[in-house]
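See structure below.
The values are calculated or read from the model by the stated rules, or taken from the named source; none is laboratory data. Remember, it's a predicted structure, so these values are computed and weren't measured experimentally. Reconstructed Cβ throughout: ideal geometry from the backbone, glycine too, with neighbour counts over all protein chains shown.
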């Protein structure tokens, strides 16, 4: 019964409308908060920040696609974009787990087994967290000695987490997590997945690249509200990397709502006053919501819906062998 409902075109269309509506409601709420601040910004600030945010999201999508391909399910870029960007709108529902579920189910429509889609998404989260903390560990000490002392645990955790991205460590983690569920056929397949080194290296590379435009969007907004251009780079880039990462880990907050803002306000303290830092945090939320919705809409237009949605196979052929 549930399988038939998932495969029903009208049910899926209704769910898509609900997700876009929730994202639109979030956009409206963020606009109401940021409207007065927008009036005082230079005309170039918001468009430039949105484009930077979209560029960063593109690189993150390519990181996830690399991992999925390394696990044995390569997808064309437009298809991967549709799956990830539409699925990610689920984070605007209470509980970020909905983005995870949506991404796995949308990938299944393209004949990606649920196990493989779930593992790729979890690995993408692991890469995002490790690289985000590493970027924060490099950028925040550039702000001030005080920032380095305040965020000492970031500097300590970053190299450990980066070491955990070794394919053998990741493979061990996947197999360990799957062990309690071996009686379920689909989940048990995760125990046979080997994570390819080239795929992980590509994902790390794309994620590192993503932080150039993502950090740039925060820096542009900080500059626009009165921060000194050069002095703002470290706090803006490092603060946003830390804010994004911690927001990702707090799964009960939709899209890290509240967590990102609190961390970013503290991180920007060396370069702007508290009021301006709060404006940056609110504007950043608005910008990234626009970027999410824009990419989701574009990906739906650029990639056709799969034929026979909801009928992908439950199991997969032989999974990849030894890591590179």
Does residue 87 meet the test of being closer than 23 Å to residue 285 by Cβ, free of Cβ contacts under 8 Å to residues at least 40 places away in the same chain and crowded, with 23+ Cβ neighbours inside 10 Å?
yes
Inter-residue pairs, beta-carbon under 7 Å, first touching a residue at least 40 places away in the same chain (Cβ under 8 Å) and at positive phi and in region 69-80, second outside any loop (DSSP other than H, G, I, E, B) and crowded, with 21+ Cβ neighbours inside 10 Å, 6+ apart:
72/116
I'm trying to understand the selection: among the residues of region 92-122, which are in contact (Cβ under 8 Å) with a residue 40 or more places away in the chain, in contact with a helix residue (DSSP H, G or I) (Cβ under 6 Å, 6 or more places away or on another chain) and closer than 18 Å to residue 195 by Cβ?
114, 115, 117, 118, 119, 120, 121
For residue 47, the lone unmet condition from (1) modelled with pLDDT under 85; (2) on the phi < 0 side of the Ramachandran plot is (1)
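Keeping to region 283-303, report how many residues are over 16 Å from residue 56 (Cα atoms) and touching a helix residue (DSSP H, G or I) at 6+ places or on another chain (Cβ under 9 Å).
Number satisfying all stated conditions: 5.
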Within region 71-126, the count of residues that are assigned to a loop (DSSP other than H, G, I, E, B) and more than 14 Å from the chain's Cα centre (by Cα) comes to 14
Condition broken by residue 299, with the remaining ones in (1) farther than 23 Å from residue 111 by Cβ; (2) at pLDDT 85 or above satisfied:
(1)
Return the total of residues in region 155-177 being farther than 24 Å from residue 196 by Cα and modelled with pLDDT under 80.
1
I'd like to check something: does region 215-228 contain any residue that is at pLDDT below 90, touching a helix residue (DSSP H, G or I) at 6+ places or on another chain (Cβ under 8 Å) and surrounded by fewer than 21 Cβ atoms within 10 Å (Cβ to Cβ)?
yes
Quick check on region 144-163. Is at least one of its residues surrounded by fewer than 23 Cβ atoms within 10 Å (Cβ to Cβ) and farther than 30 Å from residue 266 by Cβ?
no
Give region 240-261 a look and list any residue that's over 22 Å from residue 126 (Cβ atoms) and either modelled with pLDDT of 85 or more or buried (at least 24 other Cβ atoms within 10 Å of the Cβ) (or both), or say none.
none
